[in-house]
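Have a look at the structure below, then the notes.
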Amino acid sequence: MFDFVPLEYYSTLHYCILLMIMVIILLYTLVYDTSDISSLNTLNLVGYVFLLYVVLYIGTRPISGQYFTDMGYYARNFNLVRRGASITVVNDYMFNYFLIFCAKIMNDRMYFLVIAILYTIPCYLFSKRYLGRYWFFGFFMFVGSMSFWAYGTNGIRNGFATAIFILALAYYNNKILLYSFLFISFGLHNSIIIPLAAFIASGLYKNPKIYLLIWILAIPLSLIGGSFWENFFSSLGFDDRSSAYLTENEALQSKFSSTGFRWDFLLYSATAVYAGYYYIFKKGIEDKFYIHLFGMYTIANAFWILVIRANFSNRFAYLSWFLMAPVIAYPMLKYKFWKDQYKIFGIILTLYYLFTFVMFFKG
């Protein structure tokens, strides 16, 4: 559908379109009364067009391993199975059986479109269920997150799994659907064990002070421990792929230049931690779902901090970063804290996306 866009500018155009949508939302929050249902409904019409755009722009992108890296690998595997090749499923069972099923009934272009739908719609459903008439603000924050584009076009299996995790959280009060979708998300990519463990831990021990302490302590422990943590977690039985991300330095170094202790990404992660601290401890939110969400984020992010020096540590960072948007946006769009609250949210949303925008062009 968007084949007219030169491949070398495909991602750039997406970020520029998001910048324009960000400006629209910012101007709306600064100029209009967000309690005016009529004007909000008009903005939400823009939201539905935006939702359709995101699905189609990601889902109908040209198949390219050069510009979307892992997409070439997924396309080759799909087409091999489509031509009759058999694969031995030894992990990520849900994803591999999903691939086999799709290869029987569709071509590779349709396959990537279906994945884009399943990647994007959970963010919409989460926003719609929890944020009501302000769903577009929350949905844009999901899409404007730093890793959303990358894990929709490159780290596809990981992104697919986290999207189903978000879908599970959208049905938090329906335990059958919640645990069913959590099970599926783990089956899609076994790295989900990290946010899943955080989900279980923060569900069993509902103390946000402990979550915050765990996150803070992870920083000096990472600084002191160095590569000890990568080797330690690798020894616990991760699959070969995850162990390689943690420990194979020289072999993988050239594929991911952002190694070392990333203070910039730590500060980025800290914005969500501070948001949760502010809402829970300063504003006294007692929302059980939000406290659980805050616990999931801080515990999973603390794990990433411990292995922050690892090559491909961005893949572990994403296992908490995919929760950043709701951690920051949920209370501001659900509760009333200040006068002109939505103007403040518009500014926060702008700063949040501008970081994504700058990091993309920084490379």
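The values are calculated or read from the model by the stated rules, or taken from the named source; none is laboratory data. Everything numeric in this text was worked out from a predicted model, so none of it was measured. Every residue, glycine among them, receives a Cβ derived from its backbone with ideal geometry; neighbour counts consider all protein chains shown.
A single entry from 56, 51 fulfils the requirement of being within 20 Å of residue 150 (Cβ to Cβ), in a helix (DSSP H, G or I) and out of contact with any helix residue (DSSP H, G or I) (no Cβ under 7 Å at 6 or more places or on another chain): 56.
Out of everything in region 172-193 that is more than 16 Å from residue 160 (Cβ to Cβ) and among the aliphatic types (A, V, I, L, M), what residue ends up being surrounded by the fewest Cβ atoms within 10 Å (Cβ to Cβ)? That would be 176.
For the criterion of being touching a helix residue (DSSP H, G or I) at 6+ places or on another chain (Cβ under 6 Å), under 22 Å from residue 29 (Cα atoms) and not hydroxyl-bearing (Ser, Thr, Tyr), residue 325 passes. Within region 320-339, no residue that is in contact (Cβ under 8 Å) with a residue 60 or more places away in the chain sits with its Cβ atom under 8 Å from a residue that is among the basic types (Lys, Arg) at 6+ positions apart or across chains.
Just one of the listed residues (305, 280) is part of a helix (DSSP H, G or I), out of contact with any Phe, Trp or Tyr (no Cβ under 6 Å at 6 or more places or on another chain), under 15 Å from residue 328 (Cβ atoms) and of a type outside the set (Ser, Thr, Tyr), namely 280. Any residue in region 1-13 that's closer than 19 Å to residue 69 by Cβ and assigned by TED's automatic domain parsing to the domain that holds residue 65: show its pairings with residues that are polar (S, T, N, Q) and outside any loop (DSSP other than H, G, I, E, B) at Cβ separation under 9 Å, as long as the two are six or more apart or on different chains. Final answer for the pair search is 7/66; 10/153; 11/153. Would you check if there is a residue in region 97-111 being in contact (Cβ under 8 Å) with a residue 40 or more places away in the chain, buried (at least 19 other Cβ atoms within 10 Å of the Cβ) and among the aliphatic types (A, V, I, L, M)? No: zero hits. Scanning region 169-214 for residues that are within 16 Å of residue 289 (Cα to Cα), assigned to a helix (DSSP H, G or I) and not aliphatic (A, V, I, L, M) gives 175, 179, 195, 199, 202, 203, 208, 209, 211. Inside region 31-43, residues that are assigned to a helix (DSSP H, G or I) and surrounded by fewer than 16 Cβ atoms within 10 Å (Cβ to Cβ) make up a count of 6.
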